[in-house]
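Here the structure comes first, spelled out in structure tokens, and everything after it is commentary.
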């Protein structure tokens, strides 16, 4: 078990004059057994960081070290790679194969890592129980499940491999407000039970404040502020973080003219 | 439980084509066994006989019975067509779908190969193959397969591109699923249906093509014979005895039709199996209506909706998405409608705006807008009555704007069509409207296309568009859901200001109760197609003032900036109910911690409540029991 250390990561898209630097010198550490939040708006480069850590995107320079290995240089075999990093995607409607039952999906992940003996119905049932789903869910196809249940299955599929790091990319933003809380609870409980390391990527400061130990705020490919998650929200130091916090709709402002007055206060 | 039709289809087309195929298969199997020798044995006594009772289609120039030969030729003709199509399909699938698991570079490379292959003229390619391999049955099959490969490959490529981009394939890669398994378990099953249908239809075409090759003399060579060969032989004497060519010709047409039509029937069957099969309108009976009659007691408001029901045809009856919804919106009032997906909130508003989804059955006791009851009017009359007085803002700004037209032109359409303004005047109004929603350089921006706008700007352009006719009511469906928080705030401010400046009322749908709380004066909470609470927005900030357990749970379930980090977040256990079933009691009872037997058997009506709004609950949680409040039956 090891820390994830991202150091001076640079990712660009395109070539020559039309190239665009999506990630511009990002350094970030996810200590073992911790949840680190990465907050930013669309175009901030936070998802590119996630995809680079997960191995879907090549970097121009920098390093992503997990223990003594640089993931950008030495990815290892398919099995090693899978045990390094797993990812939970934003849209649970497209991250599960519609032609495989939940049980088949989980058994496949178990088979690859533990062999056929480790992928029996008991092991699948254990995984389902871990994400608070009934064992009967194993016989169902993704189309027969709600969004929240699918996201649980996607989390269970990650857990089947026991990865060193889970990258959670906007995993609650496609879900109903009433279901988001349940998924956040699950991630937190699992982190405590299993000692997971999670890179939690989101645009939702309130969610990251609740779930993450430390948080980094990204803008235009750079990290503008890092620190304790609650502290950043309570006392943002950077102007951009301040504007993000101010923009969050808050239920205690319900029915007031806060919307209009706040706009006049901010430039 | 969803019942799926797994049995063979029962449509007449499917039955007819199945029987046709069955006949072909039986003939292909048994005809050569029974008449194989007779069909090739020359009979010098019966050369070129016309049709008779002994030889129904006559005999050929060697005295062989044409009918028997036609039947016997079925086997070779079918086997060749199936082999060619099968070969072409397999090669096409490998070429088109395999790159999906090999990565983007392989995809590009294979796409180039397919495009080049497609560019070759089919006939030329077939001729070339024949020249290289020499005429014969196998050559014909190979030649046809070669011409079929690129079109199958292109189909597989298009279909598998969707799978290649899907996150489930990315997830499989991360898990270390082998490429072979990715191909067989992820790509193939997800593209199988259209490919199977296409291959089936192609067998018919292949049969025709092979017959043509044989007819031209470069396919099957004597003494072997297929239908094309027989056509060729019969054609020589077509003026003397046309029947010799007609026999095999009819066989080719029959088999070709059988495969093509079977493909069509298969496609229809697979289409229906995927989704639920809705009952026909006739079997469903009349659309559900609200049980309570319209009641009028309050002074007229800008919008009054009473007894609105929206239902969709389902498998076992009407799916009642909206059930007896009544509400009012005063002039200049901002009302928020909140609920989970499937609560019927968007459908309610779109039905009011006469934009209900296709297939929806909308009934209402009364939908009165600005004093006119539009419920009894036809769709066209109702749309005319609403005219420019209702502006609509959609969730997805990219699809709500026409990508082929400039933004300014789309905005200018409203005053041109409804207001009768001149082109220049309408354009000026459009630019002004863009400027009002803080779009920089509105003059230049008006000349741009929607894709050149950012998401937030597009949404603001949509708000500007909804304002073009100076409407007295704006209906906004999840206007900020896809936007970043800072952009969301600007859009909300814009919406609020536009309403304040023009005195327009607005109904805004969202699943985010905090967004609506800041924007609106009044919040309507919907659950399973009903309004469960209708409450002043200021009460949201004081959770003990809310009456319905569902509203409380919604308000508590989102993490806020001062949520206790040490405690788990409040959640709503369970799942929303199945709307195709009749709900005897309160729809929320199964998930409600306060539910009693009464809740499970008797639906609570939506009544005025002591907090100034309306509540549908037997056990309101704000400390004011239903019995204490005055029994006024007034809708607020």
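Please treat every number below as a calculation from the coordinates, not as lab data. Treat the numbers as computed from the prediction; the structure is a model and nothing was measured. Neighbour counts run over all protein chains shown; Cβ positions are idealised from the backbone, glycine included.
Here each label is just a point 7 Å from Cα along the line to Cβ, and for residue A:117 and residue B:596 those points are 5.9 nm apart. Beyond 22 Å, the tail of the calculated P(r) for region B:380-489 holds 27 percent of the Cα pairs. Relative to the longest principal axis of the C-alpha atoms of chain A, give the angle of the C-alpha long axis of helix A:177-194, reported between 0 and 90° and rounded to the nearest 10°. The answer is roughly 60 degrees.
DSSP beta bridges fully contained in the protein assembly as shown are about 60 percent antiparallel. Once the Cα atoms are used to define both axes, helix B:188-215 deviates from the longest principal axis of chain B by about 30 degrees. The alpha-carbon atoms of region B:479-576 define a convex hull whose volume equals 127 cubic angstrom per residue. Both numbers refer to the Cα atoms of chain B; Rg and Dmax are 34.4, 111 Å.
In region B:2-115, one over the average inverse separation of all distinct C-alpha pairs is 18.4 Å, which is the Kirkwood hydrodynamic radius. Its relative contact order, with pairs defined as Cα atoms under 8 Å and 6+ residues apart, puts region B:75-272 at 26 percent. Residues B:472, A:95, B:510, arranged from fewest to most other Cβ atoms within 10 angstrom of their Cβ, appear as B:472, A:95, B:510. With bins 10 Å wide beginning at 0, the percent of Cα pairs of region B:346-434 falling in each bin runs 14, 38, 33, 14, 0.
Any idea what % of Cα-Cα pairs in region A:1-49 are farther than 11 Å?
On the way: 846 of 1176 pairs.
Across region A:1-49, Cα pairs with separations above 11 Å total 72 percent.
Spherically averaged projected area of the convex hull of Cα atoms, region B:302-527: 12.3 nm². Cα convex hull, region B:275-414: 155 Å³ per residue, rounded to a whole number. For chain A, the alpha-carbon coordinates run over 62, 48, 34 Å along the three principal axes, in decreasing order.
Solvent-free Debye calculation, one equal scatterer per alpha-carbon of region A:1-97: log10 I(q)/I(0) at 0.14 Å⁻¹ equals -0.57. Directionally averaged projected area (region B:75-272, Cα convex hull): 12.7 nm².
Available extension along the chain between residue A:13 and residue A:132 is 38.8 nm, counting 0.36 nm per residue and deducting the alpha carbon span. For region A:129-267, the share of alpha carbon pairs falling in successive 5 Å distance bins from zero is 2, 8, 17, 18, 17, 14, 10, 7, 5, 2, 0, 0 percent. Placing one identical point scatterer on every Cα of region B:60-179 and ignoring solvent, what is log10 I(q)/I(0) from the Debye formula at q = 0.17, 0.21 Å⁻¹? Log10 I(q)/I(0), no solvent term: -0.89, -1.10. Three principal axis extents of region A:24-182 based on alpha-carbon atoms, in descending order, are 47, 38, 28 Å. Percent of Cα pairs in region B:503-550 per distance bin of 5 Å, from zero to the largest separation: 5, 20, 32, 27, 12, 3, 1.
Note on chain A: with a GNM built from Cα contacts shorter than 10 Å, the maximum mean-square fluctuation among A:212, A:59, A:177 falls on A:177. D by Stokes-Einstein for region B:168-264, Kirkwood Rh over Cα pairs, 20 °C, 1.002 mPa s: 132 µm²/s.
What do you get for the angle between helix A:121-130 and the principal long axis of chain A? Use alpha-carbon atoms, 0 to 90 degrees, nearest ten. On a 0 to 90 degree scale, this one is about 20.
Highest mean packing comes first when the peptides A:47-54, B:486-493 are listed by Cβ atoms within 10 Å, giving A:47-54, B:486-493. Once every Cα of the protein assembly as shown carries one equal point scatterer and solvent is ignored, give the base-10 log of I(q)/I(0) from the Debye formula at q = 0.07 Å⁻¹, two decimals. Values returned for q = 0.07 Å⁻¹ are -0.73.
Sorting B:168, B:239, A:141, B:550 on the 10 Å Cβ count, fewest up front, what's the list? Display every interim value, and only then the final one.
Details: B:168 23, B:239 7, A:141 15, B:550 26.
In increasing order of surrounding Cβ atoms, one gets B:239, A:141, B:168, B:550.
The calculated FRET efficiency for residue B:449 paired with residue A:68, based on their beta-carbon distance and R0 = 45 Å, is about 0.30. Panel order for B:399, B:372, by other beta carbons found within 10 Å of each beta carbon, from fewest to most: B:399, B:372. Computed over Cα pairs, the Kirkwood radius of region B:538-636 leads via Stokes-Einstein (0.692 mPa s, 37 °C) to a diffusion coefficient of 220 µm² per second.
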